Amino acid sequence: MDPVTLYQFELCPFCHKVKAGLELKGIPFSKVEVNPMGKKELPDLPTDSPRKVPVIEANGELIFDSTTILNYLDERCEGALRFLPADPESRAKAVAIEQWVDDVLVMALPTVIYGTWREALTAAQVTARTSNFGFFQNMSVRAGGPLIMHQIAKRILKKNGRTDGHQWVGEALDRVEEWLGDEAFVAGPALTLGDVAIHGALSCVRDFPIFEKVTSRPRLSSWFRRVQDLRDEHAAPARG
């Protein structure tokens, strides 16, 4: 596959899912950081598509939605690591886990990225540090970002009937460990779409204290390193 352009926001778990997929497939890609306030960096999308990240531009096409993108990559790069196994039972489990990531894990993670003022300030600093925004955009993110981000976390908790984001994420990590059991990966002995989605989403919180909950669990920590080793092994050289 030709090099890909990924339109992303650094603290978006959905975008990290896509980055995990691109690296595991060995597809070279460049990133365009999208300001979540104005989103003017996004390309011209079809009228029926949501104006949000992630979006990839590949082979002259624009593809959006992280699940759709991962399936697209799996179909177009058949010779690389496959995300969907041939075995029907493993395939169904991988698809169900990926859906759970979107429905549960990705919803829980922002509450521990933006949940406290300190976390929200860290999130704003990460955004400004990793972005390609201009000076004034960076300043606006640093100044106004923590307030907006903290309010987002509060709304997510309320909508899901939760009061403690860290407990919510802890329960999600318990679920991942249940899937792992004594296997190397969440759907069996080989990496699948479920591993891509979980590893990508958890990569989003590496700069935050919650990541210690991942590294403090031996089974989960070993799995995370195992998938990371595969990402490092297959990743194409960075293109910016």
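Quick notes on this one:
- Failed item, numbered, when VAL112 is tested on (1) part of a strand (DSSP E or B); (2) at pLDDT below 95; (3) closer than 21 Å to HIS199 by Cα: (1)
- Some residue of the range 11-29 being over 26 Å from THR192 (Cβ atoms) and either in a loop (DSSP other than H, G, I, E, B) or touching a residue at least 12 places away in the same chain (Cβ under 8 Å) (or both): no
- Residues (in a loop (DSSP other than H, G, I, E, B), over 18 Å from ALA236 (Cβ atoms) and among the aliphatic types (A, V, I, L, M)) located in the range 59-101: LEU84, ALA86
Okay, residues lined up against (1) over 18 Å from the mean Cα position of the chain (by Cα); (2) in contact (Cβ under 8 Å) with a residue 60 or more places away in the chain; (3) assigned to a helix (DSSP H, G or I):
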| position | (1), (2), (3) |
| --- | --- |
| ILE152 | no, no, yes |
| LEU157 | yes, no, yes |
| VAL169 | no, yes, yes |
| GLU178 | yes, no, yes |
| ASP182 | yes, no, no |
| LEU191 | no, yes, no |
| VAL196 | no, yes, yes |
| HIS199 | no, yes, yes |
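- Under the condition of being in contact (Cβ under 8 Å) with a residue 60 or more places away in the chain and among the hydrophobic types (A, V, I, L, M, F, W, C), the residues counted in the range 203-226 number 4.
- Qualifying positions in the range 35-67 - modelled with pLDDT of 90 or more, surrounded by fewer than 17 Cβ atoms within 10 Å (Cβ to Cβ) and aliphatic (A, V, I, L, M): LEU62
- Test: residue in the range 121-137 that is farther than 21 Å from GLN228 by Cα, out of contact with any helix residue (DSSP H, G or I) (no Cβ under 6 Å at 6 or more places or on another chain) and at pLDDT 65 or above: yes
- Taking the range 30-56 as the range and being outside any loop (DSSP other than H, G, I, E, B) and closer than 22 Å to VAL227 by Cα as the test, the residues that pass are SER30, LYS31.
The values are calculated or read from the model by the stated rules, or taken from the named source; none is laboratory data. Just so we're clear, the structure is a prediction, and the values are computed from it rather than from any experiment. So basically every Cβ, Gly included, is an ideal-geometry build from the backbone, and we count neighbours across all protein chains shown.
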